[in-house]
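**Q** One structure follows; several queries about it will come next.
The values are calculated or read from the model by the stated rules, or taken from the named source; none is laboratory data. All figures in this text were calculated on a predicted structure; none of them were measured in a lab. Positions of Cβ are backbone-derived with ideal geometry, glycine not excepted, and every protein chain shown enters the neighbour counts.
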Amino acid sequence: MTEEKNTAPFLPPEMAAPAEVERQRALLASSALIADALDGMLNFALILNRQRQAVFVNKSFHDFLAAHGVDDIIGKRMGNLLGCKHPPEAEGGCGATEACTRCGAAQALALALGGAAAVNECRILSRKLGDDLDLKVSVKPLKYGGEEFLLLSLSDISSEKRRAVMERLFFHDILNTAGGVQGLISLMESSEPVELKEYLGAASKASDRMIEQILSQKELSLAERGEIQPKPTELGTAGFLGEIAGLFAAHEVAKDKKILIAADCEDVLIKTDKTLLSRVIGNLAKNALEAEQSGATITLNCRKTAQGAAFTVHNPGRMPDDSRLQVFQRSFSTKGAGRGLGTYSIRLLTEKYLKGKVSFTTGPEGTTFTAEYPQSL
């Protein structure tokens, strides 16, 4: 989150009074036709009032919410029902936060409130459902009993999105790397002996990068399926950060840049899975390096906390708003549409396997990611 925020709500924050919501619910519930039509839909379906509050939901959505412990449904907005992390950030809740300006569901609702049918996609960081959701959202105006409502349909496209990202990764990133290796081999075949060493070095780095890309995706797939078994070992955080900095000292993303350990870095003894922690902090460091131009300095730090240790990775640049509002979402990457799973994997490994939490700040003084972990896993 930056220090300069757009505080104007994207959609009106006002809510209908409970008595009005109950009247609307009773009106719709009295229609067997509406209940039968919506219950016959395979997708989740909701009818919202003009304040975007649920006044009717179909059986499939009701059962889905009930299975996740959500039974207070009527009068709530979509983001609240699905456990979106953003509604608590603003008094008006779902639709009224800064992040809602980038939300496909909020954009579709805005169009429907203006009288037009709309279809869009949205990603929800759900704390309530235990997983993130990629949804296709269809919404259109509905008139019943002389009143205006919104008919909202939700389709879970999480698997489709995950598959698209994986296909994009293999068909674009890895094929590009493989093509680079092939090109270098062709050059070696026609080169002078004195040039072979240079080409061999470049080919070796390219093949290492390709293997790393494949292993990263294998690890992420295992993590999403809950098939990783952490192996805790003791480590000192200062020495650990020194290893991370050393790994990137000669890395291509660090060319003409510096990666340093802060002078006030504390050496905290923690017990955690070093391999997974290396993946998290290494990815944060790599992201920071990729975000900067030549001459920039990336700073790694660690401080002792009451619970354990907090690592920070700082780069001097400010994150663009579009990236800032979508960090940690599964289908979003700062590298562009369909380009990997980015900070999502960092959050997944941290929260699900290392029992920690990750956050960030960004503003005129730069961008800092903080990853906090317990003293013992």
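**Q** Just checking, how many residues over the stretch 261-278 are farther than 15 Å from Gln229 by Cα and modelled with pLDDT of 95 or more?
**A** 10
**Q** Being under 30 Å from Thr101 (Cα atoms) and not assigned by TED's automatic domain parsing to the domain that holds Lys136 narrows it down to one residue among Ala296, Ala249, Ala291, Ala263; which is it?
**A** Ala291
**Q** Restricting attention to the stretch 193-201, does a residue exist that is aliphatic (A, V, I, L, M) and touching a Leu at 6+ places or on another chain (Cβ under 9 Å)?
**A** Yes: one or more hits.
**Q** Keeping to the stretch 224-239, report how many residues are assigned to a helix (DSSP H, G or I) and touching a residue at least 60 places away in the same chain (Cβ under 8 Å).
**A** Matching residues across the stretch 224-239 total 3.
**Q** Residues of the stretch 322-367 being of a type in the set (Asp, Glu) and at pLDDT 80 or above, which ones?
**A** Within the stretch 322-367, Glu351, Glu365 meet the criteria.
**Q** Among (1) without any contact (Cβ under 8 Å) to a residue 60 or more places away in the chain; (2) farther than 30 Å from Ser323 by Cβ; (3) of a type outside the set (S, T, N, Q), where does Glu147 come up short?
**A** Status for Glu147: all satisfied but (1).
**Q** Got a sec? Which of Thr370, Thr299 is modelled with pLDDT of 90 or more and either in a loop (DSSP other than H, G, I, E, B) or closer than 26 Å to Ser126 by Cβ (or both)?
**A** Matching residue, one of Thr370, Thr299: Thr370.
**Q** Quick one: count up the residues across the stretch 127-167 that are closer than 19 Å to Met78 by Cβ, among the hydroxyl-bearing types (Ser, Thr, Tyr) and at pLDDT below 95.
**A** 2
**Q** OK, next. Going by what's in this entry, would Asn43 be described as of a type in the set (S, T, N, Q) and free of Cβ contacts under 8 Å to residues at least 60 places away in the same chain?
**A** Spelling it out, it is not the case that Asn43 is of a type in the set (S, T, N, Q) and free of Cβ contacts under 8 Å to residues at least 60 places away in the same chain.
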